[in-house]
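Visitor: What follows is a structure written as C-alpha cells; I'll ask about it next.
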Amino acid sequence: GGRTVPLKVSHLYLQGHDTTAAAINWSLYLLGSYPEVQRKVDKELDDVFGRSLRPVTLEDMKKLKYLDCVIKETLRIFPSVPLFARSLSEDCEVAGYKISKGTEAVLIPYALHRDPKYFPDPEEFQPERFFPENSKGRHPYAYVPFSAGPRNCIGQKFAVMEEKTILACILRRFWVECNQKREELGLSGDLILRPNNGIWIKLKRRHEEP
C-alpha cells in the first residue's frame with residue numbers, strides 16, 4: 001500500500017545519485033586523459049559563462065552541446081550500469097539463434113558500446129561521435145547507457161542535468177590532469193562500474209576568482 005511509496009522514491013534517488021557520481025568520476029578521468037577534448041570543453045564553457053562563476057541555468061544547459069557529447073561518450077566507454085537483465089515476453093530470433101519466451105537475457109552495454117560497426121576505434125574517447133550528423137542512421141539500440149524500451153531509466157534526463165551542472169561547476173574553475181592508464185584502473189562491474197584502484201587526478205586552477 002502507501003508504505004511502499006517512500007521506499008521506491010528513496011531507492012530511485014539513492015540509485016540515481018550513485019550512477020550519476022560514477023559518470024562524473026569517469027568524465028573527469030577521460031577529460032584528464034584527453035587534454036585536446038578538455039580544451040574544447042573549456043572553450044564552450046568560456047563562450048557560455050566567460051569568467052563568471054554564476055549558477056548554471058536551464059538556458060545554459062541547452063548551449064552546452066559539446067559537454068553533452070562528452071557525457072554521452074563517457075557513458076559509452078564506461079556505462080554506469082555495465083549490465084542488466086530482461087525476461088523475454090515472446091519467442092524471438094537473434095543473429096540466427098532462436099530464443100524461447102521466458103528466457104532471462106543479460107545485456108552488457110560495456111561490450112555493446114564497443115561494437116566497431118557502430119563505434120570505430122571503440123576504445124578512443126571521441127565525443128564527436130554524438131554530433132547529430134555522426135549519430136544519423138545509428139541503430140537506436142547500439143547505445144543504451146540508460147537501458148531502453150518501457151523499462152528504461154525514468155531519471156535519465158535528470159541525471160544528465162546533474163552531470164552537466166556539476167561538471168560545468170568543476171571545469172569552469174579547474175583544469176584536470178590524469179596519467180592513469182586504463183589497465184591501472186582495475187574495473188569492477190557489480191551493480192555500478194567502478195575503478196577498484198580509484199582515480200587519481202590533479203586539479204589546476206584555470207582563472208583567478210573574480
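Bear in mind these aren't lab numbers, they're just calculated from the coordinates by the rules spelled out. Keep in mind it's a predicted model, so treat the numbers as computed, not measured. We place every Cβ from the backbone using ideal geometry, glycine too, and count neighbours over all the protein chains shown.
Visitor: For n ≥ 4 DSSP H runs only, could you compute -39500 (n - 2.57) per run for the chain, divide by its residues and tell me the 222 nm figure to the nearest 500?
Guide: Helices in the chain give a 222 nm mean residue ellipticity of -13000 deg cm²/dmol.
Visitor: I would also like to ask the following. Say a paramagnetic label sat at a point 7 Å from the Cα of Ala95, along Cα to Cβ; which residues of the range 110-141 have their backbone N under 19 Å from it?
Guide: Residues passing the 19 Å test: 110-123, 139-141.
Visitor: Could I ask something else about it? Work out, step by step, the length gained on full extension between Asp121 and Asn134: first 0.36 nm times the residue separation, then minus their alpha carbon distance; give nm to one decimal.
Guide: Result: 3.2 nm gained on full extension.
Visitor: For the range 116-210, state the average projected area of the convex hull of the C-alpha atoms over all orientations, rounded to one decimal in nm².
Guide: Seen from a random direction, the Cα hull of the range 116-210 projects 8.9 nm² on average.
Visitor: Also: In whole Hz and in residue order, list the ³J(HN,Hα) couplings for the range 198-206 that follow from phi through the Karplus curve 6.51 cos²θ - 1.76 cosθ + 1.60, θ = phi - 60°; x for Gly and Pro.
Guide: Using θ = phi - 60°, the values come out as x, 10, 10, 10, 10, 10, 10, 4, 7 Hz.
Visitor: Lys and Arg at +1, Asp and Glu at -1: add these up for the other residues within a Cβ distance under 14 Å of Ser33 and post the number.
Guide: Neighbour charge sum, excluding Ser33 itself: -3.
Visitor: So, how do all the Cα-to-Cα distances of the chain break down into 10 Å bins, in percent, from 0 on up?
Guide: Whole-percent P(r) values from 0 Å outward: 7, 30, 34, 20, 7, 1, 0.
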